[in-house]
1. How many of the residues making up region 135-185 are among the aliphatic types (A, V, I, L, M), part of a helix (DSSP H, G or I) and without any contact (Cβ under 8 Å) to a residue 24 or more places away in the chain?
2. In region 90-124, what residues are in contact with a Ser or Thr (Cβ under 7 Å, 6 or more places away or on another chain) and either more than 16 Å from the ligand (Cβ to nearest atom) or not in a loop (DSSP other than H, G, I, E, B) (or both)?
3. Among the residues of region 11-39, count how many are within 15 Å of the chain's Cα centre (by Cα) and among the β-branched types (Val, Ile, Thr).
4. Looking at region 208-239, which of the residues that are basic (Lys, Arg) and either in a helix (DSSP H, G or I) or away from the ligand (no atom under 14 Å from the Cβ) (or both) is surrounded by the most Cβ atoms within 10 Å (Cβ to Cβ)?
5. Is it the case, given these coordinates, that residue 35 is touching an Asp or Glu at 6+ places or on another chain (Cβ under 9 Å) and open to solvent by less than 40 Å² (accessible area, probe 1.4 Å)?
6. Do you know which of the residues in region 1-41 that are more than 11 Å from the ligand (Cβ to nearest atom) and of a type in the set (D, E, K, R) is nearest to residue 59 (Cα to Cα)?
7. Any idea which of (1) touching a strand residue (DSSP E or B) at 6+ places or on another chain (Cβ under 8 Å); (2) surrounded by fewer than 19 Cβ atoms within 10 Å (Cβ to Cβ); (3) under 30 Å from residue 284 (Cα atoms) is the one residue 192 doesn't satisfy?
8. Return a yes/no flag: does region 283-299 have any residue that is modelled with pLDDT under 95, open to solvent by 80 Å² or more (accessible area, probe 1.4 Å) and closer than 24 Å to residue 49 by Cα.
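The values are calculated or read from the model by the stated rules, or taken from the named source; none is laboratory data. None of the values given here were measured: they were computed from a predicted structure. Cβ: placed from backbone, ideal geometry, glycine included. Neighbour counts: every protein chain shown. Surface areas here come from the heavy atoms of the whole protein model, side chains and all, with no ligands, DNA or RNA. Shrake-Rupley method; radii C 1.70, N 1.55, O 1.52, S 1.80 Å.
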Amino acid sequence: MGLRVNDLRVYYRTLRGEVKALDGVTFEVGDGEILGLAGESGCGKSTLGKSLIRLDGRMRHVGGTVELDGVELPIGDDAAMNRYRYTEVSLIPQYAMSALNPTRRIGKMIAELLESRGVRYKDVAEELERRLDLVELPRDVLGNYPIELSGGMKQRVVMVVSTLLNPSLLIADEVTSALDVSTQKAVATALVGFRDRGFVKSMVFVTHDISLTHQIADTIMVMYAGRLAEKAPSGRIIESPRHPYTRALIDSLPEVGVRYEERKLSGIPGSPPSLLDPPPGCRFRDRCPLASDECVEAPPVTEVEKGHYVACWKA
Ligand SMILES: Nc1ncnc2c1ncn2[C@@H]1O[C@H](COP(=O)(O)OP(=O)(O)OP(=O)(O)O)[C@@H](O)[C@H]1O
């Protein structure tokens, strides 16, 4: 049944007011689907990823729902969410390599984690070893402390641990940004393999790198200033983007493997609006070459062809 997110609003409390980081986002991810989430820094990608599993202390669930396999997740209630974490929805965090407890051997850490989920280590030990083999980690890592492993090895440990209980949904948050290009590819390929083997049913792959997303995701969703700009099957969005912002992103893609955050968006002056007090209407209109009077009203998300959604009056 997959993931169904409806009009999700999550804000950050700050001294200057509330940052409307996620301001009414609706989308679905089907079983077996990998959704790549793209957009400039600050558009709300990580906030969306985190909202699906754990709101941090400053985040407030203002409205909207998240349904996984037909069950509404209590995302605003940290304690109630606990029973879904690892088993139903799991996260490979942005800094996965530092997510491991430095004072625990890997095996011990996994045993404690399993215990907290009511699972006996020996019941999954064989499967754990099989998965370590699969990502080409020696079984000995179970006896190692994190400091004894390289960055890439720690990354793979976190990948294996976070998917060990076969969650329905995996959120991979910028898992490749700290890696070199060839390791990025290997990690992305391993994640696709996890999906193909059924370790996870569906995945939200958050990244700056739209060219990498294109290689692994079935569908790409582009966000702009806390809202959905466009969502379509990967090939479709790369070949014929309909939103002017998506077009700019793709035009600014120089070559595979180069992150667009490191380049200026060609031909688009300005920067995204502040999410403390975003202007009414289309949030891209100040930078948009096609903007006209109707853009003072926020465009609805429209399905322009099957599976292709765009929030733009001109699409
Ligand atoms: N803890 C926080 N307190 C206040 N505002 C925050 C906090 N974390 C994020 N924000 C703001 O929320 C908005 C969305 O941030 P988010 O990290 O989700 O974006 P992102 O697209 O994932 O960016 P990046 O790729 O740089 O991580 C930004 O305006 C950001 O400044």
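1. Restricting attention to region 135-185, the residues satisfying the condition of being among the aliphatic types (A, V, I, L, M) are 135, 137, 141-142, 147, 149, 153, 157-161, 164-165, 169-172, 175, 178-179, 181.
So of that shortlist, the ones also part of a helix (DSSP H, G or I) come out as 141-142, 147, 153, 157-161, 181.
Narrowing further to those that are without any contact (Cβ under 8 Å) to a residue 24 or more places away in the chain: 153.
Total meeting the criteria: 1.
2. Keep residues of region 90-124 that are in contact with a Ser or Thr (Cβ under 7 Å, 6 or more places away or on another chain), which gives 90-92, 94, 117.
Within region 90-124, 90, 91, 92, 117 qualify.
3. So the count comes out to 4.
4. The first filter runs over region 208-239 and keeps only residues basic (Lys, Arg), leaving 227, 231, 236.
Remaining after also requiring either in a helix (DSSP H, G or I) or away from the ligand (no atom under 14 Å from the Cβ) (or both): 231, 236.
Working: 231: 27, 236: 18.
So, considering only residues that are basic (Lys, Arg) and either in a helix (DSSP H, G or I) or away from the ligand (no atom under 14 Å from the Cβ) (or both), the one surrounded by the most Cβ atoms within 10 Å (Cβ to Cβ) is 231.
5. On the way: touching an Asp or Glu at 6+ places or on another chain (Cβ under 9 Å): yes; open to solvent by less than 40 Å² (accessible area, probe 1.4 Å): yes.
Considered against the rule, which asks whether it is touching an Asp or Glu at 6+ places or on another chain (Cβ under 9 Å) and open to solvent by less than 40 Å² (accessible area, probe 1.4 Å), residue 35 comes out as yes.
6. Step one: of region 1-41, the residues more than 11 Å from the ligand (Cβ to nearest atom) are 1-9, 24-36.
Then keep just the ones that are of a type in the set (D, E, K, R); that gives 4, 7, 9, 28, 31, 33.
Details: 4: 20, 7: 16, 9: 10, 28: 22, 31: 28, 33: 27 Å.
Looking at residues that are more than 11 Å from the ligand (Cβ to nearest atom) and of a type in the set (D, E, K, R), I get 9.
7. (3)
8. There is no residue in region 283-299 that is modelled with pLDDT under 95, open to solvent by 80 Å² or more (accessible area, probe 1.4 Å) and closer than 24 Å to residue 49 by Cα.
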